[in-house]
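Everything on this sheet refers to the single structure shown next.
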Amino acid sequence: MKSVKLEVEGITKRFGDLVAVDNVSFKVYEGEVFTLLGPSGCGKTTTLRIISGLETPDSGRVYIGGRDVTELPPQERDVCLVFQEYAVFPHMSVFDNIAFGLKVRKVPREELTAKTMEVAEKLGLSELLGKKAGGLGLSEKQRIALARCLAVEPEILLLDEPLTLADAKIRESMRRELRRLQRELGITMIYVTHDQLEAIMLSDRIAIMNRGKLLQVGSPREIYEKPETLFVAYFIGSPTINLVEGRLTKVGEKYLLTRDDITIDVSGLAQKFAGLPELLDREIVLGIRPEDLYIAGSGSGIFEGVVEIIETAGDQLVAHVKIAKETMLRLLIPLDTEIRVGEKVVVSADAEKIHVFDKSTEKRINLEELHQRRMV
Ligand SMILES: Nc1ncnc2c1ncn2[C@@H]1O[C@H](COP(=O)(O)OP(=O)(O)OP(=O)(O)O)[C@@H](O)[C@H]1O
Ligand SMILES: [Mg+2]
């Protein structure tokens, strides 16, 4: 079992009437990349600032390596925070920029030089040590900010959206670089981003936040495969998950999803619903990922509709199929699929991969658990 490096226990932070962080708890294990993910304003930065000591929570505790640091100032916490705005001191040399944290900590000159050169080497900055940081490119500045933190060997490295200013290509290579370095140094990292793709690529585990609350923590795969709420299902995955809502009823042997004046025959998903009377006459939302849908032969489908838009997305197609007045499905399908705009198609899905949510609570209905309960 890996040891707990950081524990955040029920932290709450208010700014006036606003609850920026609302009773948030999580643990971060030694050597992992833990990402706080969520839309703008959800409380990511505030959480990170509480961990770093720049902010004190109204309630709750923060433990680093088992020690309660809630009341300690940043310099006594052994964490280092990298954020974009403060990246580098432009008039200082790269060397002085990297050495800054060591200087503040009054590290002896020789050790300071050796450490600075070592970190510069790791980050590919050795050639630039004499240059002024201000004139360098974004990717270099980013590495300098990171090097300054790494040089002081913090227990935990905190990164707040460090790649937002870089363009897509640079971001990609910096992300890879960051991950490589983190593995090589075995450092514990807490990363903040609102970009779900970045979170998925970089993280061992992700914590999804919305409106100050922590909604779910898990590996990228766990979160993708078992979103606990509609919000999480919608936030993770691209193209976005399809959500089809309605009241589920059983008429004879047929399962119908009814909403206003529209009825969709979802008998093709019968295996999902069979034997679970608690699902019937209930408002539900079906969550179906675009990659789990496909064009089927007539008679073997679940949905029928008309292709409205076809887009290419890398080496695949995204087809938008209108299955009801207000309901469009997005399908992620092979590039060579032969379909045309205006064409009537039959759409099928792997029933196993469909998510079912309760419409009023917006929570996942755990069908496996319901099935198991029926069996005992
Ligand atoms: N010092 C402050 N005073 C008042 N309100 C604040 C303060 N700091 C943050 N907030 C508010 O608290 C909420 C959470 O802010 P926070 O910066 O933690 O969000 P975030 O998830 O980092 O968002 P972003 O993705 O935009 O950086 C926001 O509504 C923000 O306006
Ligand atoms: Mg922020």
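Scanning segment 293-304 for residues that are within 21 Å of residue 355 (Cα to Cα) and either of a type outside the set (D, E, K, R) or modelled with pLDDT of 95 or more (or both) yields 293, 294, 295, 296, 300, 301, 302, 303.
So that you can scan it fast, the table gives a plain yes or no per residue for (1) within 14 Å of ligand 1 (Cβ to nearest atom); (2) within 19 Å of residue 208 (Cβ to Cβ); (3) touching a residue at least 60 places away in the same chain (Cβ under 8 Å):
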| residue | (1), (2), (3) |
| --- | --- |
| 26 | no, yes, yes |
| 37 | yes, yes, yes |
| 48 | yes, yes, yes |
| 67 | no, no, no |
| 71 | no, no, no |
| 78 | no, no, yes |
| 109 | no, no, no |
| 116 | no, no, no |
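Within the set 18, 81, the sole residue that is open to solvent by less than 50 Å² (accessible area, probe 1.4 Å) and among the aliphatic types (A, V, I, L, M) turns out to be 81. Condition (residue is at pLDDT 95 or above, charged (D, E, K, R), open to solvent by 30 Å² or more (accessible area, probe 1.4 Å) and in the same structural domain as residue 139 (by TED's automatic domain parsing)) applied to segment 90-98: is it met by at least one residue? Checked against the condition, which is being at pLDDT 95 or above, charged (D, E, K, R), open to solvent by 30 Å² or more (accessible area, probe 1.4 Å) and in the same structural domain as residue 139 (by TED's automatic domain parsing), segment 90-98 yields at least one hit. Just one of the listed residues (38, 43) is at pLDDT 95 or above, of a type in the set (Gly, Ala, Ser), near ligand 2 (Cβ under 10 Å from one of its atoms) and under 26 Å from residue 186 (Cα atoms), namely 38. If you go through segment 314-332 and pick out every residue that is open to solvent by 40 Å² or more (accessible area, probe 1.4 Å) and farther than 14 Å from residue 293 by Cβ, you end up with 4.
Conditions tested, residue by residue: (1) open to solvent by 20 Å² or more (accessible area, probe 1.4 Å); (2) over 15 Å from the mean Cα position of the chain (by Cα).
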position: 27; (1), (2): yes, yes
position: 33; (1), (2): no, no
position: 38; (1), (2): no, no
position: 42; (1), (2): no, no
position: 45; (1), (2): yes, no
position: 50; (1), (2): no, yes
position: 56; (1), (2): yes, yes
position: 63; (1), (2): yes, yes
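When the strands (runs of 3 or more DSSP E) confined to segment 128-247 are screened for residues that are under 30 Å from residue 312 (Cβ atoms) and either among the aliphatic types (A, V, I, L, M) or open to solvent by 30 Å² or more (accessible area, probe 1.4 Å) (or both), those reaching at least 1 such residues are found at 205-210.
The residue that is nearest to the chain's Cα centre (by Cα), among those in segment 178-205 that are within 16 Å of ligand 2 (Cβ to nearest atom) and among the β-branched types (Val, Ile, Thr), is 193.
Say whether the condition of being out of contact with any helix residue (DSSP H, G or I) (no Cβ under 7 Å at 6 or more places or on another chain), more than 13 Å from ligand 2 (Cβ to nearest atom) and within 30 Å of residue 130 (Cα to Cα) is met by at least one residue in segment 61-78. Within segment 61-78, one or more residues are out of contact with any helix residue (DSSP H, G or I) (no Cβ under 7 Å at 6 or more places or on another chain), more than 13 Å from ligand 2 (Cβ to nearest atom) and within 30 Å of residue 130 (Cα to Cα).
The values are calculated or read from the model by the stated rules, or taken from the named source; none is laboratory data. Here the structure is a predicted model, which is why all the values come from computation and not from measurement. Don't worry about glycine lacking a Cβ; one is built from the backbone with ideal geometry, like all the others, and counts go over all protein chains shown. Areas reflect the complete protein model, heavy atoms only, side chains present, ligands, DNA and RNA absent. Shrake-Rupley method; radii C 1.70, N 1.55, O 1.52, S 1.80 Å.
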